[in-house]
Structure formats: structure tokens, C-alpha cells
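Here is the structure we will look at, set down as C-alpha cells.
The values are calculated or read from the model by the stated rules, or taken from the named source; none is laboratory data. What you are looking at is a predicted structure, and each value in this text was computed from that prediction instead of being measured. All Cβ positions, glycine included, derive from the backbone under ideal geometry; neighbour counts span all protein chains shown.
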Amino acid sequence: MTDSLISSAYSQALEVIASVEPRIADATRQELADQRASLKLIASENYASPAVLMTMGTWFSDKYAEGTIGHRFYAGCQNVDTVESIAAEHARELFGAEYAYVQPHSGIDANLVAYWSILAHRVEGPWLSDAGVKNMNDLSEADWEKLRASLGNQRLLGMSLDAGGHLTHGFRPNISGKMFHQNQYGTDPETGLLDYDALRAKAKEFKPLILVAGYSAYPRRVNFATMREIADEVGATLMVDMAHFAGLVAGKVFTGEENPVPYAHVVTSTSHKSLRGPRGGFILATEEYAPSVDRGCPMVLGGPLSHVMAAKAVAFAEARTPEFQGYAQRVADNAKSLAEGFLTRGAKLVTGGTDNHIVLLDVSSFGLTGRQAESALLDAGVVTNRNSVPSDPNGAWYTSGIRFGTPALTSRGFGHDEFDTVAELVVDVLTNTEAGTNKAGAPSKATYVLNDGVADRVTKQSAEMLDAHPLYPGLVLS
Ligand code: PLP
């Protein structure tokens, strides 16, 4: 697609939007300007291609299509069937999966669908057939009561939030921590690395129905063959949430035992992080689990977002190219450059480094909380998010860490030298930031003082790199 086509398409679209609600058109222009002008280092964000973005802005948004391909609860779904079939076919081929379900609206939806599917397959199915029930509609109120009790007494073992897991992996305040008896595994207190022996021992003691692998903030690869062995030893279903690293799987950076697809019974994911697609979720499963995953609607979901399923198809098609494989490798290489950049400047990293797309900086050595560091960095145009470190003394709100990710800036063309400079700029900001006090003069975990001139200095240096690697080069809005 040529630059002028994209420029005129977006300029005209913004004119149409402005004719109805100019403030939304203005905010949309401003968002592009802001994204262009900042160092986006949030590990879960990326920049989707104009083709992916444009696919979301169509009349597929208007169509209801509850149900599954060829089996909808609404008339006139023939084109949605086409779109969903293509997206699922691409997902199966891209990841080498037996079955793909592309309806989940987000990663959390994908996880909820997966949990209920596994319950349906492991608990509801056998329970129903043991009770001689062929059809859910035949269940009496007493049967439902029994079913609820049996579903509600299942166990889930996932990675704890402060070790890098996600809310939906059994965190107490999340629905996943309420619908299951939950337990969590952590990382080795010395190394910060996953301790498979400790995990195995915990699994043997806890005997989960579902073992969840995957992470939001763990800067290392996981051995999914070992995870499957542990799951098999305790009779658990292995569910891998690859929301963060799906791009590294698609791009063949994670292969063999680091690729979850051949080992997990069910894999959930988002499409918008390292995979660089539209915001959304999807599920891969073995044939065995496919029928229950297919019941995502009506079990958990309503109408699928057909326009987003279409955009997932486009993103999956992009991810099948050699260019995407090159991109994925650069994401991992750049994370190493960023980590080395921090280490050579004396900063402390959780696990001492990275071998995926995440670098987790422990900012306590700068005398700061994650909250203070995140705010000071933002003042200098460096967009990150604060994150807990293992056994974080500052809890999940203030935290002691800053999570960095390389997918977005790698999409802009940043390489080794730029990421080394990013490390230099971050260290510059943090060494020039002091923890602040509250109104009463007591130490505060939120306030901070950034020395004069630092924000300007860092913003200027980043502007040089950002200008050299423009976001959506050639996209000029009139
Ligand atoms: N799973 C993991 C591992 C994540 O990191 C996230 C998001 O940060 C999600 C699931 C949820 O994704 P979404 O925000 O699309 O619901």
C-alpha cells in the first residue's frame, strides 16, 4: 500500500469523524502525535500495521454473529463465516495447532473461555455422562446444584503476580482466584528464575485440575515440555497463556521445548502484543478440547467482534512472512541489548537479564518505588509501566520495578545502538530523581523530584532517535 493512499484514507476518515464529533477526531490526531513523540516501552504494546488498523474500521462491526462458523443464531452471517474461517485457518497454520478459536474479545476473555472449556471437558462432561445425562436441558435443579458444587471445587495452579504471572492465573481478587481453589507458584528467591522442582513438588501436593503456564512480567523463556511433564504427573490440563510472547512463537524465536503449542492442551493468547495485531484474544487447542472451546459462545461470550476477527486474519497473514520472523528475532535481540545497557550502567535486573522481550528493572537501588520511577520517566517522554518484583516490599500498587518491552520500538526500527541509548536515558532519569515527601513532610512512595533540565535533555536525545525511526513513515495527515 502506498504512503499517499494511507495518508489520504486516514485524512478523509478523520474528516468524516470530525463532521460528527470533532473532539474525537482531534483526540485521534493527538494520539498519533503523542505515540510518535514518545519512547513506547510498555511490554504489552505495539504498533499494528495500517492494514490491520483499517480492517477494524468497517461494517463488519455492525454484524451480530453469535454461534460458530456455519452455525449462527443470526441470519446473514455468510461473510462473517468467511472471515472467521480465514482467521482460524491462518492461526492453525501459523502456530501448527490442531484447532483455533478466534472469537475472544481480549486476553482475559480467552482465559475465561479456556477455564470454562476445561471445566466442561474435564468435569462437566464425565460428570454428566456418569449421571446418564445426555443433554444439559435434561438437568433438574438438583443436578445443577450438584454440577455447581463439582465445578466450584476445582483447583488451579498458576504463577503468582509478583513472580510475573497475570491476574487471571489465579490471583485472589480476580474471578480466576474465586471460581477455583487457587494456589500459586513463584520463582527462586535467589535467582528469580522458575524453579521446576519446587513447582513439581507444589503440583504434587496441590493436585490442580489446571496448571497454568505463561506470564506478563517474567523476563525468561519457559520450558513447556517440563511443564507438560509436571501436568501429566498430577493429571492436570496444561493451559499456556502466551499473550505476551505469541509474536516470538509465531516468529519462530521460541521453538522446540520453548514453543507451548505442541505441549499444551489449551493455549490462550492476545493478538495485540508482540504479535502486532488488533486488540483481541484467541485460543488454540488440541482436537480433544476443541468441542468445549467451541462453546465459548454462549458459555462465556456473546457476539464476536467480526471486524476484529477480520483484522486478526490480516495480522496472522502478516506474521507468516519472513519479514515477521526477522522482526521477532530483533525483538529478542533488542531486549538483550537493553538489558546489557542497564547492566553495564550498574542497574539491577530481575533474573539478571532477559531471553525474551521483557526487561524487569529493580528500581529500589535508585532509592525509588516503581510508581515514582514510572512518573519521572513519563516526564521525560519514556512510557513504561511499574511492576512488582518477586516478594515486592512495596506491593502491587507502588511496586519496586519497571517493566520494559522491546516489541513497539523494534517495530519502529530501533536496533542495538538505540536500545543501548534507551538504557542510558532511563538511567539518567532515575539517577536524577529523588523520592519525595507528602504534605506533612513524611516520606512518600508516590511523589518524587526530578532534577531540573533532565526531562528536556532526555526528551531531546530521544527525539533524535524517534525522528530517525518514524512511526508510520509516510503517513501525513492533512
Ligand atoms: N494474559 C496475559 C499473560 C497478559 O499479560 C494479559 C494482559 O496484559 C492478558 C492475559 C489480558 O489481556 P487483555 O488485556 O487483552 O484482556
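Here are the numbers for the structure shown:
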quantity	calculated
Restricting the range 76-113 to residues that are within 16 Å of the ligand (Cβ to nearest atom) and polar (S, T, N, Q), the residue that is nearest to GLU45 (Cα to Cα)	SER106
Which listed residue, of ALA442, ALA423, ALA435, ALA446, is surrounded by 15 or more Cβ atoms within 10 Å (Cβ to Cβ), over 30 Å from GLY326 (Cα atoms) and not acidic (Asp, Glu)	ALA435
Selected residue [more than 17 Å from GLU45 (Cβ to Cβ) and of a type in the set (Ser, Thr, Tyr)] from SER411, SER444	SER444
Some residue of the range 405-413 being surrounded by 15 or more Cβ atoms within 10 Å (Cβ to Cβ) and either without any contact (Cβ under 8 Å) to a residue 40 or more places away in the chain or not assigned by TED's automatic domain parsing to the domain that holds PHE342 (or both)	no
Some residue of the range 309-317 being surrounded by fewer than 21 Cβ atoms within 10 Å (Cβ to Cβ) and not small (Gly, Ala, Ser)	no
Within the range 421-451, tally of residues that are assigned to a loop (DSSP other than H, G, I, E, B) and under 26 Å from LEU338 (Cα atoms)	2
Considering residues of the range 232-245 that are within 19 Å of the chain's Cα centre (by Cα) and without any contact (Cβ under 8 Å) to a residue 60 or more places away in the chain only, the residue surrounded by the fewest Cβ atoms within 10 Å (Cβ to Cβ)	LEU238
Of all residues making up the range 149-169, the number that are more than 12 Å from the ligand (Cβ to nearest atom) and either part of a helix (DSSP H, G or I) or under 18 Å from ALA213 (Cα atoms) (or both)	11
Residue tally, condition away from the ligand (no atom under 13 Å from the Cβ) and buried (at least 24 other Cβ atoms within 10 Å of the Cβ), over the range 260-284	4
Residue within the range 246-254 that is surrounded by 24 or more Cβ atoms within 10 Å (Cβ to Cβ), within 11 Å of the ligand (Cβ to nearest atom), in the same structural domain as ALA91 (by TED's automatic domain parsing) and touching a residue at least 24 places away in the same chain (Cβ under 8 Å) present	yes
Matching residues in the range 61-106 - criterion: being within 21 Å of the chain's Cα centre (by Cα), buried (at least 21 other Cβ atoms within 10 Å of the Cβ) and in a helix (DSSP H, G or I)	ALA87, ALA88, HIS90, ALA91, LEU94, PHE95
